[in-house]
Amino acid sequence: MDSDSRVILLIYLTAKITFYCPIVIITIGTIGCFCNFITFTSRKLTSNSCSFYFLGAAICELLTLYFGTFTRLLSNHFGFHLQDQSRAFCKIRLYLINVSPAMATCCIVLAAMDRYLSTSTKLVYRSFATIKRAKWITSFSLTICILSYIHFIVFSDLKPTCALLSGSYNIFTVVYAIVWTSFIPYSLMLCFGFGTYHHIHATKRRIFPVHTQQRRIQRTETQLVTITLCEVGISCFLIFLRLTYYSYNVIAMGMEKTTYESTLEFFFSQLTTQLFYLNYAKSFYVYTLCSKYFRAIFIGRIKKICHRLISCCTNHRGKLQETSIIRSNRILQTRHMQSNF
């Protein structure tokens, strides 16, 4: 009896989590992504290679939120089951909900690598931290990322609902998610993060004259390093929770489970899924909290946009008033001419 009540409670909590969490994640994530667009397209940041990577990450995060979180919410609570009716949509959706977060993660890895290279004392390494090189590196990395997830299109089908092929391929996808999607990129993030930290401390020990222009560039670089390290740290923590569940899933595969254990497993599956998608909604808020420079650029951009909107509204209102005055004058002239006749 006690077990039944716990099962009912877990089912209730799972339903609430899968309904309210996606709404919150989509809302804050969408706002955050657009705020990132506004900030990283600032003239102060467009020439910086790290900002280019963060801008690419924001685009991929927006795709992740809508192809992953939004379609999952519609399917779970609003009767949207197009993926179970259309074979093409099934394959495309499964591909996009896997490749979009991978592309966002790839951009963050590249941003961490960029900070590692830009803080190096070796000129050869620093030469890779330029906007021109960043475009080539991004194109190459994202191409590999896109191609490496093609198997989700090949091995997904309606049976009768949209799902990946069972059996050995199902085990492969779990291991693939643990190693390729989580362990490798986040290990690289941590390695680049510790390497950057080492470079910063090594640079502080070296004393050399700095000009005003160099000081401004260094301040921007330092702020971007802070943003990158905070992003890497929080992302690793959230993904570690998801990775822990995947690892348990591999270990517990094929074991006999009670109703309570199966319900508890499903609860943690849904909870870690929401934390996984939260990882792609948090970026703007992490940047805002960690960097005073980022906040200053964002506020400056918002003020500029508001000023332009007010100017456009004022000009439009002035043109409307001018048009109405011209029309009134024409009516008066017409009436005056008619009275003369």
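The values are calculated or read from the model by the stated rules, or taken from the named source; none is laboratory data. Computed from a predicted model, the values in this text were never measured in an experiment. Neighbour counts run over all protein chains shown; Cβ positions are idealised from the backbone, glycine included.
Here are the numbers:
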| quantity | calculated |
| --- | --- |
| From L229, L241, L289, residue being closer than 21 Å to L65 by Cα and aliphatic (A, V, I, L, M) | L241 |
| Selection from region 65-87 of residues that are part of a loop (DSSP other than H, G, I, E, B) and surrounded by 14 or more Cβ atoms within 10 Å (Cβ to Cβ) | F80, S86 |
| Test result for Y95, under 21 Å from I31 (Cβ atoms), in contact (Cβ under 8 Å) with a residue 40 or more places away in the chain and surrounded by fewer than 22 Cβ atoms within 10 Å (Cβ to Cβ) | no |
| Only listed residue being at pLDDT 90 or above and aliphatic (A, V, I, L, M), chosen from V154, V179, V124, V175 | V154 |
| Single unsatisfied condition, Y116 versus (1) surrounded by fewer than 21 Cβ atoms within 10 Å (Cβ to Cβ); (2) in a helix (DSSP H, G or I); (3) of a type in the set (F, W, Y) | (1) |
| Where a residue in region 64-88 is closer than 16 Å to S156 by Cα and its partner, wherever it lies, is basic (K, R) and part of a helix (DSSP H, G or I), with Cβ under 6 Å and at least six apart | Q83/R93 |
| Verdict on S47 being over 19 Å from the mean Cα position of the chain (by Cα), polar (S, T, N, Q), part of a helix (DSSP H, G or I) and at negative phi | no |
| Subset of region 241-271 [free of Cβ contacts under 8 Å to residues at least 24 places away in the same chain and aromatic (F, W, Y)] | Y248, F268 |
| Counted residues, region 1-44 - those being among the charged types (D, E, K, R), without any contact (Cβ under 8 Å) to a residue 40 or more places away in the chain and assigned to a loop (DSSP other than H, G, I, E, B) | 1 |
| Region 277-292, residues that are surrounded by fewer than 18 Cβ atoms within 10 Å (Cβ to Cβ) and over 16 Å from G29 (Cα atoms) | K292 |
| Selection within region 273-299 - over 17 Å from the mean Cα position of the chain (by Cα) and either more than 30 Å from T222 (Cβ to Cβ) or without any contact (Cβ under 8 Å) to a residue 60 or more places away in the chain (or both) | R295, A296, I299 |
| Residue that is touching a strand residue (DSSP E or B) at 6+ places or on another chain (Cβ under 7 Å), surrounded by 16 or more Cβ atoms within 10 Å (Cβ to Cβ) and not hydroxyl-bearing (S, T, Y), where the choices are C90, C33, C50, C107 | C90 |
